[in-house]
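First comes the structure, then the notes that go with it.
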Amino acid sequence: MTDGSPDESGQLSRRERLRADTVEEIKRAALGLIVERGAANLRFTDIARSMGMTPPALYRYFADRDELLTALVADSYDGLSDALAATRGTVPPDDLDGRFEATCTAYRTWAQRNPERFALIFGSPVPGYAAPPDGPTVAAGERAMAHMAELVADTAEHGRLGSSLAPDPAEALMLAWATVHGFVTLEAHGHFHTLDQQARDRLFAVQAGVAARTAGLSPAADRR
């Protein structure tokens, strides 16, 4: 086995492990700078300085800033997708309405715990950056947004999908997501600062109920 190639078991070589570790370190450094200065001000020179590297060394791992941003956006979508997928194990499979509520809550919780990643995905466009139309961000975004669609499809399969507030399921689903996302975005930007945590939680529960009705689901409040 030569250094830099997987061995017979498929494990990464030492060189590949070191490269992977450096890539992750670059991403962490970039995220830290994004928190401090915003994505629009992300520069290789600053990343390199924070890591004790030279700027040219970064080009061995990312072709340019846009490629790095693309990787960060894809990672962020994957993190959101993982958080939404994890809710499946917290609610019984036949509790479809409960799964919808849990998914909405997981969306909000992920945004609260990862504000820089949430802003990177859903915040203002980064000047001069455009995600590749067929790149990893598209696939990652579709995986993340598919979770709510699967919940609606499961509800329809069980014959429990009611009438929605839109002419077709796809539009109803987009309205439901926009309803939840609108609240989460306002909260993430500090627009609910006059409300305490309990008040915000109550408002979000109402908002999740509105989203459920929009998609043709029956929220828990209607079952009690």
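Per-structure values
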| quantity | calculated |
| --- | --- |
| Helix axis angle, 14-37 relative to the chain longest principal axis, alpha carbon, degrees | 60 degrees |
| Answer label, with semi-axes √(5λ) of the Cα gyration tensor in Å calculated from the coordinates and candidates [x] 24, 23, 16; [y] 38, 22, 15; [z] 32, 20, 14 | [y] |
| Exposure ranking of Asp46, Asp134 by accessible area [1.4 Å probe, largest first] | Asp134, Asp46 |
| Accessible-area composition of region 1-154, carbon plus sulfur, in percent [1.4 Å probe] | 52 percent |
| Per residue, in Å², the accessible surface of the chain once ligands and nucleic acids are set aside, probe 1.4 Å | 55 Å² |
| Positive-pole candidate from Tyr129, Met148, Ala86, dipole of region 85-165, charges at beta carbon | Tyr129 |
| Nearest 10 degrees, 0 to 90: helix 96-113 Cα axis against the chain principal axis | 40 degrees |
| Simple Cβ-charge dipole of the chain, Lys/Arg +1 and Asp/Glu -1, about Cα centre, in debye nearest 20 | 620 debye |
| Cα centre as origin, Lys/Arg/Asp/Glu Cβ charges: region 44-99 dipole, Debye | 320 debye |
| Low-density loop cleavage sites - trypsin sites (Lys or Arg not before Pro) in region 119-205, where at most 16 other Cβ are within 10 Å (DSSP) | Arg160 |
| Helix axis angle, 197-214 relative to the chain longest principal axis, alpha carbon, degrees | 70 degrees |
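The values are calculated or read from the model by the stated rules, or taken from the named source; none is laboratory data. This structure is a prediction, so every number in the text was calculated from the model and none was measured. Note that each Cβ is placed from the backbone with ideal geometry, even for glycine, and that neighbours are counted across all protein chains shown. Note: accessible area is taken over every heavy atom of the protein model, side chains too, but ligands, DNA and RNA are not part of it. Shrake-Rupley method; radii C 1.70, N 1.55, O 1.52, S 1.80 Å.
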